[in-house]
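The values are calculated or read from the model by the stated rules, or taken from the named source; none is laboratory data. As the structure is a computational prediction, the values presented were derived from the model and not from experiment. Cβ placement follows ideal geometry from the backbone for every residue including glycine, while neighbour counts extend to all protein chains displayed. With ligands, DNA and RNA removed, areas are computed over all heavy atoms of the protein, side chains included. Shrake-Rupley method; radii C 1.70, N 1.55, O 1.52, S 1.80 Å.
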Amino acid sequence: MSRLSNLLLARSVFGVLLLTTLGFVPSQESRGATDWASTLTHDPRGNFPDLRPGHATYVYGWSGITAGMSDVSFRHGEQQTFVLEGKGRTVGLARVLWRFDLSYRSVANAQTLRPLEAHQVETARGKRIETNLKFSNEGVNSRRLEASHATPTVKDFTWENLYDLQSVFLYLRSQPLRDHNVYRVVVYPANSAYVATLTVLGHERLRVRSGNYNAIKLDLKLQRVNKKNELEAHRKFKRATIWLSDDNDRVLLRVESQIFVGTVTAELQSIHFDND
């Protein structure tokens, strides 16, 4: 699953995994606030079984080379919460070209699947950026501190039914996910809000590094919410597709995203559930 914000810029791709971080396809049109707000999905969490506690590793590819690795864990926390934690990094040639490290932690309400807080630290070429998100029923408070700055940049975004990376994944996997179903939600990954549109394309057989799976194929679109609460196209994404396992776990299997630096992929390498 690390920013569902830019979801799948090399770091966003990791975000995708961290939460099942999703790939997105930006629409090329802008819409007024009153237009898009009425199209959002307001269905409550679905009845699909909760994700089991476990650990997974993912491999990231960039234009045919292995570019990164991530380790992700999911567990049940105290006071009826779900906790997602992950660490990712570039490797090999990609690390020579772009040294990037990411750590991510998200806490969500286990009953409502709403986000409570998220903490992210990314280090690229020696530059450290720390982001802390605090969610409430009214919206989110974002505090973003760069190593070169003495004080953090603080933002408040007011919106009901807001999600972060982990919670949007948990919410979407809880839904029926039947062919042609469409879900449209507002996500706040780090320091900007995005409208994410997910469409179920179908079901198919898929082979990834961890094995063969029956899979649910999904298309996602992403648009940024600007300061005027209008939607605008994402300049760095072209298109993306994701696959979830079509079983009682619905884990992220693969992401294929066309972005400004080429084709970026994320693929499940291994997974272990704590009760296996």
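Things worth noting here:
- Heavy-atom surface of the chain, accessible at 1.4 Å and reported per residue (Å²): 46
- Computed log₁₀ I(q)/I(0) - Debye formula, equal Cα scatterers, no solvent, the chain, q 0.09, 0.11 Å⁻¹: -0.36, -0.55
- Modelled label positions at Asp35 and Ser148, each set 7 Å beyond Cα in the direction of Cβ, lie 3.7 nm from each other.
- Shape call, region 109-215: gyration tensor on alpha carbons, a/c limit 1.5: oblate
- Region 113-163: relative contact order as a whole-number percent, Cα under 8 Å and 6+ apart: 31
- HN-Hα J in Hz across region 102-110 - Karplus 6.51, -1.76, 1.60, θ = phi - 60°, x for Gly and Pro: 9, 10, 8, 9, 9, 10, 10, 6, 6
- Taking the inverse of the mean reciprocal distance over all distinct Cα pairs, the Kirkwood hydrodynamic radius of region 168-276 comes to 15.2 Å.
- Only helices enter the 222 nm calculation for the chain: every DSSP H run of n ≥ 4 contributes -39,500 (n - 2.57), and dividing by all residues gives -3000 deg cm²/dmol, rounded to 500.
- Sequence-ordered 3J(HN,Hα) estimates for region 187-194 from the Karplus curve with 6.51, -1.76 and 1.60 and θ = phi - 60° stand at 10, 10, x, 8, 9, 8, 9, 9 Hz, glycine and proline given as x.
- Region 212-276 and region 79-157 have Cα centres spaced 18 Å apart.
- If you take all other residues with their beta carbon under 12 Å from the beta carbon of Glu130, and give Lys and Arg +1 and Asp and Glu -1, the sum is +3.
- The residues neighbouring Gln111, those whose beta-carbon lies less than 13 Å from its own, together hold a net charge of +1 under the Lys/Arg +1, Asp/Glu -1 convention.
- Dipole orientation for region 172-276: of the candidates Asn214, Leu198, Gly262, Gly262 has the Cα lying most toward the positive pole (charges on Cβ; Lys, Arg +1; Asp, Glu -1).
- In the context of the full protein assembly, Glu122 retains an accessible surface of approximately 10 Å², using a probe radius of 1.4 Å and ignoring ligands and nucleic acids.
- Oblate is the label for region 25-132. Its Cα gyration tensor axes, ordered a ≥ b ≥ c, give a/c of at least 1.5 and b/c at or above a/b.
- Charge tally around Gly46: other residues with Cβ under 13 Å, Lys/Arg +1 each, Asp/Glu -1 each, net +2.
- Point-charge dipole on Cβ atoms (K/R +1, D/E -1) for the chain, about Cα centre, debye to 20: 880
- Note on Lys127: accessible area approximately 100 square angstrom, rounded to 10, probe 1.4 Å, nucleic acids and ligands left out.
- Percent accessible area from carbon and sulfur atoms, the chain, protein chains only, probe 1.4 Å: 47
- Most to least packed among 198-205, 150-157 [average Cβ atoms within 10 Å]: 198-205, 150-157
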